[in-house]
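**Q** Have a look at the structure that comes next, please.
What follows draws every value from the coordinates through simple rules; no lab data is involved. No experiment lies behind these values; they were computed from the predicted model shown. As a convention, Cβ positions derive from the backbone with ideal geometry for all residues, glycine included, and neighbour counts pool all protein chains shown.
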Amino acid sequence: MSTEGKSREAMCALGAKLAARGLCPGTSGNISVRIADGWLMTPTNSSLGELDPAQLSKLDSNGKHVGGDPPTKEALLHRSVYDVRPKDGAIVHLHSTHAVAISCLDPSCHHSAETTLPPITPYFVMRVGKLPLVPYFKPGDPKLADAIREYAKGHRAVLLANHGPVVAGTSLSAASASIEELEETAKLHLLLQGLKTRTLSDFQVREIEEAFPS
């Protein structure tokens, strides 16, 4: 099987996995992979749990749709992230319940101006790091693609206000691991609301960052 064929199969397998975990209700969420001559993306209005490798959208290096079904309405968003993260090869965007809940909180409820979620566990620091909030724009708005570009330069994961998380990774498996860790941390954070919580100290965070550089 060709490299592109393997990427198609991997995207569909990941979609089925995320759907089985309940992380992409209905036709929400989208996945993309960088390939030699462009990108593969999930089609618009498709269920991640029912993807067909042959129907995945293919875009050329200029972003032109050249094969498969029409791409996700967030195609420009994906391309903006790839533009500023040349070492990353895959992006996963979900509407997972707990992360979306965090994205709907008043900013005063977020951990800090730099990150919506606190460093609760070492795995969040390792796989996500800081999670900044990107201001709200309607889905598919070119202004959203422009906004996310600035945040993605220094962060592998961002949270779209009232929308959901977008995570880039060096591979599809890396992006998947990071966004699943993000969702679990969002769930933990909401479960701990009202309780006195011990988060990792600045020293502990730096120690993890030095031991497990991204």
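**Q** Shape of the stretch 143-214 from its Cα gyration tensor (a ≥ b ≥ c, root eigenvalues): rounded if a/c is under 1.5, otherwise prolate when a/b > b/c, or oblate?
**A** oblate
**Q** Thr44 to Lys6: extension gain in nm, 0.36 nm per residue of separation minus the Cα-Cα distance?
**A** 11.6 nm
**Q** Same structure, new question: Once you charge only the Cβ atoms, +1 for Lys and Arg and -1 for Asp and Glu, what is the size of the charge dipole of the stretch 61-106 about its Cα centre, to the nearest 20 debye?
**A** Working: 5 positive and 5 negative charges, 40 e Å.
The calculation lands at about 180 debye.
**Q** Tell me the mean residue ellipticity at 222 nm calculated for the chain from its helices only (DSSP H runs of n ≥ 4, each -39500 (n - 2.57), averaged over every residue, nearest 500).
**A** For the chain, the value works out to -12000 deg cm²/dmol.
**Q** While we're here: What does the charge count near Glu183 come to, summing +1 for each Lys or Arg and -1 for each Asp or Glu among other residues with Cβ under 14 Å from its Cβ?
**A** With Lys, Arg at +1 and Asp, Glu at -1, the neighbours total +1.
**Q** Using θ = phi - 60° and the Karplus relation 6.51 cos²θ - 1.76 cosθ + 1.60, list the HN-Hα couplings for the stretch 35-43 in order, rounded to whole Hz, with x at every Gly or Pro.
**A** Values, residue by residue: 10, 4, 10, x, 9, 9, 9, 6, x Hz.
**Q** Additional query: How many angstrom lie between the C-alpha centres of the stretch 149-174 and the stretch 91-133?
**A** Measuring centre to centre over Cα atoms gives 11 Å.
**Q** Loop-only trypsin sites (Lys or Arg not before Pro) in the stretch 42-104, please: DSSP not H, G, I, E or B, and at most 14 other Cβ atoms within 10 Å.
**A** Passing sites in the stretch 42-104 are Lys64, Lys73, Lys87.
**Q** If you don't mind, another one. With each pseudo-label sitting 7 Å past Cα toward Cβ, what's the Asp141-Gln55 distance in nm, one decimal?
**A** Placing both labels 7 Å along Cα→Cβ, they lie 3.0 nm apart.
**Q** If you place +1 on the Cβ of every Lys and Arg and -1 on the Cβ of every Asp and Glu, how big does the dipole about the Cα centre of the stretch 157-214 come out, in debye to the nearest 20? The partial results should precede the final answer.
**A** Numbers: 4 positive and 8 negative charges, 52 e Å.
Roughly 240 debye for the stretch 157-214.
**Q** Under the classification rounded if a/c is under 1.5, otherwise prolate if a/b is larger than b/c and oblate if not, where does the stretch 3-211 fall, given a ≥ b ≥ c as square roots of the Cα gyration tensor eigenvalues?
**A** Note, shape of the stretch 3-211 comes out prolate.
**Q** So, one more: Please get the size of the charge dipole for the chain, origin at its Cα centre, with Cβ charges of +1 on Lys and Arg and -1 on Asp and Glu, quoted in debye to the nearest 20.
**A** In total the dipole reaches around 60 debye.
**Q** Given Cα pairs under 8 Å that are at least 6 residues apart, what percent is the relative contact order of the chain?
**A** 20 percent
**Q** Still on this structure: Report the local net charge at Asn62: Lys and Arg +1, Asp and Glu -1, summed over other residues whose C-beta lies under 13 Å from its C-beta.
**A** Working: positive: Lys58, Lys64, Arg79; negative: Asp37, Asp60, Asp83.
Net of charged neighbours comes to 0.
**Q** Rounded if a/c is under 1.5, else prolate if a/b beats b/c, else oblate: with a ≥ b ≥ c from the C-alpha gyration tensor eigenvalues square-rooted, which is the stretch 92-214?
**A** oblate
**Q** Below 10 angstrom from the Cβ of Lys130, what's the summed charge of the other residues (Lys, Arg +1; Asp, Glu -1)?
**A** Result for the local shell: 0.
**Q** Something else: Of Lys6/Lys138; Lys6/Lys58; Lys64/Lys143; Lys87/Lys187; Lys58/Lys153; Lys73/Lys143, which sit over 22 Å apart, Cα to Cα? Working shown, then result.
**A** On the way: Lys6/Lys138 33 Å; Lys6/Lys58 14 Å; Lys64/Lys143 19 Å; Lys87/Lys187 29 Å; Lys58/Lys153 25 Å; Lys73/Lys143 13 Å.
In this structure, Lys6/Lys138; Lys87/Lys187; Lys58/Lys153 exceed 22 Å between Cα atoms.
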